[in-house]
Amino acid sequence: MTTDGSGLLILRNSRSGTAVIRTDPADLFAERLPGARVYELSQGQDLADAVDAAFTGGDPPRVLGVHGGDGSVSRMAGLARERGVPLLVMPGGTFNHFARSAGLEEVETAVDAYLAGDTVEVAAMEVREGQGEAILALNAASVGAYPELIEERDKRRRRFGKWLGGIIAAWRTMRTAEPLEIVRDGRRARVWSVF
């Protein structure tokens, strides 16, 4: 870690956290991390493409930073793990479950920790459907009826609101949901949802 952010690449996902009002951290980055490279992802751009481009240059980052929500954080954690570099998480999403569980309620707190050299080790797990590609999950992962319910609720949220949309989503989801077969430590089970 450097005192000016040299060697740090921060990727910002501007599509994260659109449901909340949040202060733009650009001035904070410029003031406290003037040596960091800050890159704003364009619409539809994948984090992996931006990271690959950064590592093909003559001065690859020594730390990857992400300002985004839980999805961006999980994806970037996988990329940092592949590259063997530390990850700096800065809350920029709607819920920021992972950042909050690490004590990072504000971007400034994450920058303070980075500049002080404070780190936290976290557990990670890989989730795979059948023979599909493994997905890195931090803090929590959910499969089965629950994520289907959330997706259904989000489709109806604008028209019916969160609570009524949730009731409609629960009714629709449970009408069509089927139990999952899971394998854990060699034991099989059929369950409706795994969290």
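When the range 150-195 is examined, which residues are found to be in a helix (DSSP H, G or I), over 24 Å from the mean Cα position of the chain (by Cα) and β-branched (Val, Ile, Thr)?
Hits for the range 150-195 are Ile167, Ile168, Thr173, Thr176.
Can you confirm whether Val38 is among the β-branched types (Val, Ile, Thr), surrounded by 18 or more Cβ atoms within 10 Å (Cβ to Cβ) and in contact (Cβ under 8 Å) with a residue 24 or more places away in the chain?
Against the criterion (among the β-branched types (Val, Ile, Thr), surrounded by 18 or more Cβ atoms within 10 Å (Cβ to Cβ) and in contact (Cβ under 8 Å) with a residue 24 or more places away in the chain), Val38 does not qualify.
Just checking, which of Phe29, Phe55 is at pLDDT 90 or above, aromatic (Phe, Trp, Tyr), open to solvent by less than 10 Å² (accessible area, probe 1.4 Å) and at negative phi?
Values: Phe55 fails: open to solvent by less than 10 Å² (accessible area, probe 1.4 Å).
None of the other options fit; the residue is Phe29.
May I ask you to verify whether Gly69 is at pLDDT 90 or above, open to solvent by less than 40 Å² (accessible area, probe 1.4 Å) and not charged (D, E, K, R)?
No, not satisfied.
Just to be sure before I move on: is Ala48 open to solvent by 40 Å² or more (accessible area, probe 1.4 Å) and free of Cβ contacts under 8 Å to residues at least 60 places away in the same chain in the structure I sent? Full working, then the answer.
On the way: open to solvent by 40 Å² or more (accessible area, probe 1.4 Å): no; free of Cβ contacts under 8 Å to residues at least 60 places away in the same chain: yes.
Here the answer is no, as Ala48 does not meet what is asked.
So which residues in the range 128-185 are open to solvent by less than 50 Å² (accessible area, probe 1.4 Å) and of a type in the set (D, E, K, R)?
Passing the criteria: Glu152, Arg153, Arg156.
If you go through the range 186-195 one residue at a time, how many are open to solvent by 90 Å² or more (accessible area, probe 1.4 Å) and out of contact with any Leu (no Cβ under 9 Å at 6 or more places or on another chain)?
Counting residues in the range 186-195 that are open to solvent by 90 Å² or more (accessible area, probe 1.4 Å) and out of contact with any Leu (no Cβ under 9 Å at 6 or more places or on another chain) gives 3.
Taking the criterion of being under 16 Å from Leu138 (Cβ atoms) and either small (Gly, Ala, Ser) or without any contact (Cβ under 8 Å) to a residue 12 or more places away in the chain (or both), would at least one residue in the range 17-29 satisfy it?
Scanning the range 17-29, I find no residue that is under 16 Å from Leu138 (Cβ atoms) and either small (Gly, Ala, Ser) or without any contact (Cβ under 8 Å) to a residue 12 or more places away in the chain (or both), so the answer is no.
Would you be able to tell me the number of residues in the range 99-127 that are free of Cβ contacts under 8 Å to residues at least 40 places away in the same chain, over 16 Å from Pro86 (Cβ atoms), in contact with a strand residue (DSSP E or B) (Cβ under 9 Å, 6 or more places away or on another chain) and open to solvent by less than 50 Å² (accessible area, probe 1.4 Å)?
Adding up the residues that qualify gives 1.
If I filter the range 94-129 down to residues being under 30 Å from Asp185 (Cα atoms) and small (Gly, Ala, Ser), which single residue comes out as farthest from the chain's Cα centre (by Cα)?
Among those that are under 30 Å from Asp185 (Cα atoms) and small (Gly, Ala, Ser), it is Ala123.
Confirm whether Gly84 is open to solvent by 50 Å² or more (accessible area, probe 1.4 Å) and at positive phi.
Considered against the rule, which asks whether it is open to solvent by 50 Å² or more (accessible area, probe 1.4 Å) and at positive phi, Gly84 comes out as yes.
The values are calculated or read from the model by the stated rules, or taken from the named source; none is laboratory data. Quick caveat, the model's predicted, so the values are computed rather than measured. Positions of Cβ are backbone-derived with ideal geometry, glycine not excepted, and every protein chain shown enters the neighbour counts. The protein model used for the area step is the full one, side chains on, heavy atoms only, and it has no ligands, DNA or RNA in it. Shrake-Rupley method; radii C 1.70, N 1.55, O 1.52, S 1.80 Å.
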